[in-house]
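Asks: Have a look at this one.
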Amino acid sequence: MLYALKESRILDQRLQFLSSYQKEEMSVADLCRTHGISRPTAYRWINRYNETGPEGLVDPQPSPTWLLPRDARADRDTILVLRAKHPSWGARKLKVRLEMLQPEVVWPAASTFTQYT
């Protein structure tokens, strides 16, 4: 419920910006200063509104896959197994090998590999 309320306030502010823009009350730069936004953001809103109307002013929702937690323990275990097989390999080489073996997995940075000892 709170999210919907917050989203409606944002939409109201964007519609107010576009109303002022359409009435040509101020320049885009002045409107941006008044509303506390950048000019690229203003033009993005204007273009979205022109293309799809008020629905274009609602920010797209993030993909649900971004909200899913990664299985860090499984990653850690896989890294430790490979490190045990190849104790002389450094973090970058371990990361490259795992990326080749399991390209569907988004592996952490090589610097994270060095933390797993």
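Asks: Name every residue in the stretch 91-115 that is part of a loop (DSSP other than H, G, I, E, B) and exposed (fewer than 15 other Cβ atoms within 10 Å of the Cβ), in order of residue number.
Replies: Correct list: 102, 103, 104, 105, 106, 109, 114, 115.
Asks: I need a count of the residues in the stretch 46-96 that are at pLDDT 90 or above and basic (Lys, Arg).
Replies: Result for the stretch 46-96: 6.
Asks: Give me the pairs: first residue in the stretch 71-96 and under 11 Å from residue 107 (Cα atoms), second residue among the basic types (Lys, Arg), beta-carbon distance under 9 Å, and six or more apart or on different chains, which are they?
Replies: Filtered contacts from the stretch 71-96: 79/95; 94/83.
Asks: How about the stretch 7-53: which of its residues are surrounded by 11 or more Cβ atoms within 10 Å (Cβ to Cβ) and in a loop (DSSP other than H, G, I, E, B)?
Replies: Listed by number, the residues that qualify are 25, 26, 37.
The values are calculated or read from the model by the stated rules, or taken from the named source; none is laboratory data. Worth saying up front: this structure is predicted, and the values here are computed from it rather than measured. All Cβ positions, glycine included, derive from the backbone under ideal geometry; neighbour counts span all protein chains shown.
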